[in-house]
Amino acid sequence: MPRLPAPPLPKILQPKPKRPGEERNGAGPVSPVEAGITVVDWIDERTSLSPALRWLLFRKVPRGINWFYTLGSATMFAFLSQAVTGVFLAMYYRPDASGGAYESVRYITDDAFLGQFVRAMHKWGASVMIILIFLHMARVFFFGAYKYPRELTWIIGVTLLILTLAMGFTGYLLPFDQRSYWATIVGVNINAGGPLIGPYLADFLRAGPEFGATTLSRFYAIHMLLIPGAIVALIGAHLYLVTKLGISAPPWLKVNAEPESDQSEV
Ligand code: HEM
């Protein structure tokens with residue numbers, strides 16, 4: 001007699017599909033690598049972020065690239081270092097023009113744990129970032145990497161350069177000692193002499209016609225909120241374009257390739 005097939009198990013009794021890490025069947029302790037993979041799998045199952053990361057990190061780059069191509073990443077590292085050290089400085093700094101700012105910087109330098117080290121990292125790091133950004137820009141310029149289709153990458157880069165210099169200018173006032181006070185007055189007056197928007201820009205920076213207590217708060221807000229936020233957003237756009245368009249090949253490779261293609265067309 002033919003046997004009827006068994007009816008399907010009710011849903012509640014059906015075995016559940018295995019989740020990442022379950023196939024181990026509890027054999028032995030989890031190794032750190034397995035644990036890492038499980039965590040990454042867990043996040044990826046819920047966010048599907050891995051294709052985006054693969055797109056960003058595992059890219060083909062042209063033949064013949066060299067150390068000059070690392071200057072953009074070096075600039076980004078300098079910015080990250082400024083962000084981290086800046087957060088620690090902000091934990092102690094007070095933008096108080098009646099002596100509090102100067103005193104808080106003195107406290108950071110002389111008394112806070114590793115304060116002098118963190119302050120020096122931030123101060124020297126500012127110069128390092130400005131040197132690196134100029135070197136990166138010079139690499140892009142001399143390799144002709146600003147040409148079609150990378151014009152927008154260059155324009156965003158110019159904005160990043162201006163914002164980085166503005167970080168240096170606004171940060172210089174914050175210790176509020178004689179040097180930073182008078183140097184910033186000179187800087188704001190130079191801005192005031194600019195055509196058309198100069199006087200308005202100077203008024204905006206001073207927070208009015210006179211250099212006063214609110215000027216320091218304004219510089220502090222611009223230095224630690226406004227410009228860093230803009231820089232983070234623009235670095236994101238810059239890197240999106242770098243990834244989407246791919247890195248340009250070194251110019252000498254193009255020079256070698258062109259005569260052949262010209263000849264074949266003539
Ligand atoms: C915060 C500042 C900046 C950061 C973090 C940054 C970061 C980067 C990175 C990581 C790359 C990938 C290739 C490489 O490193 O050469 C790149 C490429 C590029 N950057 Fe920047 N950059 C900055 C500022 C600038 C400036 C000031 C300019 C020009 C005015 C610029 C123009 C470009 C261009 C055109 C490319 C494409 C180069 C190519 O395809 O070969 N960047 N940037």
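The values are calculated or read from the model by the stated rules, or taken from the named source; none is laboratory data. Here the structure is a predicted model, which means the values were calculated and not measured. Methodologically, a virtual Cβ is constructed for each residue, glycine included, from the backbone with ideal geometry; neighbour enumeration extends over all protein chains shown.
At a glance:
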quantity: Residue, farthest from the ligand (Cβ to nearest atom), within region 39-66, restricted to residues that are touching a residue at least 12 places away in the same chain (Cβ under 8 Å) and of a type in the set (A, V, I, L, M); calculated: LEU56
quantity: The lone exception for ASP111 - which of (1) touching a residue at least 24 places away in the same chain (Cβ under 8 Å); (2) exposed (fewer than 13 other Cβ atoms within 10 Å of the Cβ) it fails; calculated: (1)
quantity: Residue in region 84-101 that is under 24 Å from PHE68 (Cα atoms), touching a residue at least 12 places away in the same chain (Cβ under 8 Å) and within 16 Å of the ligand (Cβ to nearest atom) present; calculated: no
quantity: Filtered residues of region 100-117 (kept if more than 15 Å from GLY86 (Cβ to Cβ) and either in contact with a Gly (Cβ under 9 Å, 6 or more places away or on another chain) or aromatic (Phe, Trp, Tyr) (or both)); calculated: TYR102, TYR107, THR109, PHE113
quantity: Sole exception among (1) buried (at least 17 other Cβ atoms within 10 Å of the Cβ); (2) polar (S, T, N, Q); (3) closer than 23 Å to PHE142 by Cα for THR215, by number; calculated: (3)
quantity: Test: residue in region 67-81 that is touching a helix residue (DSSP H, G or I) at 6+ places or on another chain (Cβ under 7 Å), at pLDDT 95 or above and more than 10 Å from the ligand (Cβ to nearest atom); calculated: yes
quantity: Test result for ILE227, surrounded by 13 or more Cβ atoms within 10 Å (Cβ to Cβ), closer than 24 Å to VAL84 by Cβ, of a type in the set (Val, Ile, Thr) and more than 16 Å from the ligand (Cβ to nearest atom); calculated: no
quantity: One residue from ARG179, ARG206 being closer than 19 Å to TRP124 by Cα and out of contact with any Leu (no Cβ under 7 Å at 6 or more places or on another chain); calculated: ARG179
quantity: Within region 139-196, considering residues that are of a type in the set (D, E, K, R), assigned to a loop (DSSP other than H, G, I, E, B) and surrounded by fewer than 17 Cβ atoms within 10 Å (Cβ to Cβ), the one nearest to the chain's Cα centre (by Cα); calculated: LYS147
